[in-house]
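One structure is given here, and the rest of the page talks about it.
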Amino acid sequence: MTDDPDAAPRYTDRPFPGYRFRPGHTPHPTRDPQGHSYGSHPPSVERFEPSEWRRCQEYLYGVDLFNHGYWWEAHEAWEAVWLAAGRDTGLGQFVQGLIQAAASLLKHSLDQPTGAERLWAAAYGRLRCAESPFLGIQVGTLRRQMDEHLAGRRRLPPRIELADIEVDQPSD
């Protein structure tokens with residue numbers, strides 16, 4: 001793995017937003033007229049089975065966003081997946097854990113350790129209930145990387161590397 005967060009593999013060809021939203025630092029993406037997603041509508045996702053994760057473009061886009069530090073945007077992409085999955089299903093609980101992990105990283109990047117720890121504790125509980133791999137994610141690896149990053153033992157934020165899927169490598 002390279003130290004360049006922009007070198008992470010891509011799972012979709014959708015472009016990234018114009019900036020990474022950071023509350024208090026950049027315009028709110030959907031509420032501010034200068035926001036990168038102002039006026040856009042939330043994506044619609046059809047219900048799918050966990051074994052069909054490779055076909056869910058919004059899930060894959062959320063992984064791309066997460067891996068490239070667009071944590072608020074990943075949260076938004078995965079929220080549509082969470083709603084489609086059903087909030088109280090096993091799939092829904094796992095996706096909610098991913099949402100909370102992304103929110104934890106955003107809080108951590110804003111130097112809000114209490115919020116980051118609280119969100120990660122909630123996410124950890126939801127992610128540990130899934131057998132690895134789940135939705136292509138080596139769950140134990142993600143949990144370990146999150147723990148190490150939030151504790152300051154890993155400089156780079158965690159990355160989700162999906163199993164058994166074609167990826168596009170960034171061009172140099």
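Place a +1 charge on the Cβ of each Lys and Arg in the chain and a -1 charge on the Cβ of each Asp and Glu, then give the dipole magnitude about the Cα centre in debye, rounded to the nearest 20.
Details: 19 positive and 24 negative charges, 126 e Å.
Value, rounded to 20: 600 debye.
Pulled fully out, how much extra length does the chain show between residue 131 and residue 46, if you take 0.36 nm times their separation in residues and subtract their Cα-Cα distance? All intermediate terms of the calculation are to be shown ahead of the outcome.
Values: separation 85, 0.36 × 85 = 30.60 nm, distance 2.33 nm.
The residue 131-residue 46 span can extend by a further 28.3 nm.
Show me 24-30, 71-77 ranked by packing, highest mean number of other Cβ atoms within 10 Å first. All intermediate terms of the calculation are to be shown ahead of the outcome.
Working: 24-30: 14.0, 71-77: 23.9.
Averaged packing, sorted descending, gives the order 71-77, 24-30.
With every atom except the alpha carbons ignored, what do you get for Rg and Dmax of region 1-157, in angstroms?
Rg then Dmax for region 1-157, in Å: 15.0, 42.
Report the far tail of the P(r) of region 59-147, meaning the percent of Cα-Cα pairs longer than 16 Å.
48 percent
Just so you know, all these numbers are worked out from the coordinates, no wet-lab data involved. Note that this is a predicted model, so its numbers are computed, not measured. So basically every Cβ, Gly included, is an ideal-geometry build from the backbone, and we count neighbours across all protein chains shown.
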